[in-house]
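This report concerns only the one structure given below.
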Amino acid sequence: MLFSKLLNLFFPSKCPVCQSKSDNYLYNPLCTSCWKGIEKYSGPACGICGLPAISIHTTLCESCMKAMPPFARALYYGIYEGALKEAVHLLKFNGVKRLSKPLGLLLLELPLPEVDGIVPVPMHHNGLKKREFNQTAAIAAHLSKKLRVPLMQDVLKKIKETPPQTDVGGDERLKNLKNAFSASGKISGMDLLLIDDVITTGATVRECARALMKAGAKSVTVAALARSMPRQNT
Ligand SMILES: [Zn+2]
Ligand SMILES: [Zn+2]
């Protein structure tokens, strides 16, 4: 496209994954070939929470067998690595907002159920002040437009500040997130789609779904861009 070629004159950059020249404004600074290389995960996974790399002989992971999560299913596009990880990082920490569109459109390829509303995982207002935009809400907005399903940004709030997920281990993180979210508003009897960028331990989406169910939602399905591969012992 001439337009994107022109834009690239003003946004000259190198692809952070392969170091070749960025060639498309839409995915810039990622190059087209790295973007197209983002793979949808289709390996073995838990039928509910999506935990990858479990044995192909079981359909549920240990944790879901012990206690059913508050969401119906957690879907995600790919594993949090390579170009997908880079794209999420650029959007989240480097303010490359235009990536919210192609990333949001990846979610359309998931087997999404029919829902009454789309709810992004919220940020605490202090975090929002610092970063100035919620990348998850931006992704959810593109999806909402495409699916013609209302974006319900105000029903879920993060009422407790929690340390970044990378700073704390699994159990600690779960404790920190207890009662961190609160839901209110007209969601009674609704089937909702909860949007997150990356599922790490699953603690965040669990707590969000719990709050939404408590506030009267009929069901919550999670859709995320990526899921990190589980580490041993977490
Ligand atoms: Zn590249
Ligand atoms: Zn599971």
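The values are calculated or read from the model by the stated rules, or taken from the named source; none is laboratory data. Predicted model, so just to flag it, every value in this text is computed and none were measured. No Cβ is skipped: glycine too gets one built from the backbone with ideal geometry, and neighbour counts run over all protein chains shown. We work out accessible area using only protein heavy atoms, side chains counted, and drop any ligands, DNA or RNA first. Shrake-Rupley method; radii C 1.70, N 1.55, O 1.52, S 1.80 Å.
For this structure, a couple of remarks:
- Complete set of residues in segment 95-127 that are aliphatic (A, V, I, L, M) and without any contact (Cβ under 8 Å) to a residue 60 or more places away in the chain: Leu105, Leu108, Met123
- Single residue of segment 97-121 satisfying the filter (part of a loop (DSSP other than H, G, I, E, B) and open to solvent by less than 20 Å² (accessible area, probe 1.4 Å)) that is nearest to Leu156 (Cα to Cα): Val121
- Cβ-Cβ distances below 8 Å connect the following pairs, each with a first residue in segment 5-24 that is modelled with pLDDT of 85 or more and open to solvent by 100 Å² or more (accessible area, probe 1.4 Å), a second residue that is among the hydrophobic types (A, V, I, L, M, F, W, C) and within 10 Å of ligand 1 (Cβ to nearest atom), and a separation of six or more residues or different chains: Lys21/Cys15; Lys21/Cys31.
- Any chance Ile38 is β-branched (Val, Ile, Thr), more than 16 Å from ligand 1 (Cβ to nearest atom) and either modelled with pLDDT under 90 or part of a loop (DSSP other than H, G, I, E, B) (or both): no
- Flag if Ala137 is touching a Pro at 6+ places or on another chain (Cβ under 7 Å), more than 16 Å from ligand 2 (Cβ to nearest atom), open to solvent by less than 30 Å² (accessible area, probe 1.4 Å) and in a helix (DSSP H, G or I): yes
- Within segment 54-93, the residues that satisfy the criterion of being hydrophobic (A, V, I, L, M, F, W, C), touching a Gly at 6+ places or on another chain (Cβ under 7 Å) and more than 16 Å from ligand 1 (Cβ to nearest atom) are Leu60, Ala74, Leu75.
- Residue identified as more than 12 Å from ligand 2 (Cβ to nearest atom) and assigned by TED's automatic domain parsing to the domain that holds Val220 among Gly47, Gly78: Gly78
- Residue in segment 55-63 that is crowded, with 17+ Cβ neighbours inside 10 Å, among the aliphatic types (A, V, I, L, M), assigned by TED's automatic domain parsing to the domain that holds Arg206 and at pLDDT below 90 present: no
- Qualifying residue in segment 191-199 (condition: surrounded by 20 or more Cβ atoms within 10 Å (Cβ to Cβ) and either over 20 Å from Leu107 (Cα atoms) or outside the structural domain of Val121 (by TED's automatic domain parsing) (or both)): no
- Given (1) touching a Ser or Thr at 6+ places or on another chain (Cβ under 7 Å); (2) at pLDDT below 85, index of the condition Glu132 fails: (1)
- For Ala217, the conditions (1) out of contact with any Lys or Arg (no Cβ under 7 Å at 6 or more places or on another chain); (2) touching a residue at least 40 places away in the same chain (Cβ under 8 Å); (3) crowded, with 20+ Cβ neighbours inside 10 Å; (4) more than 29 Å from Gly43 (Cβ to Cβ) all hold with the exception of (2).
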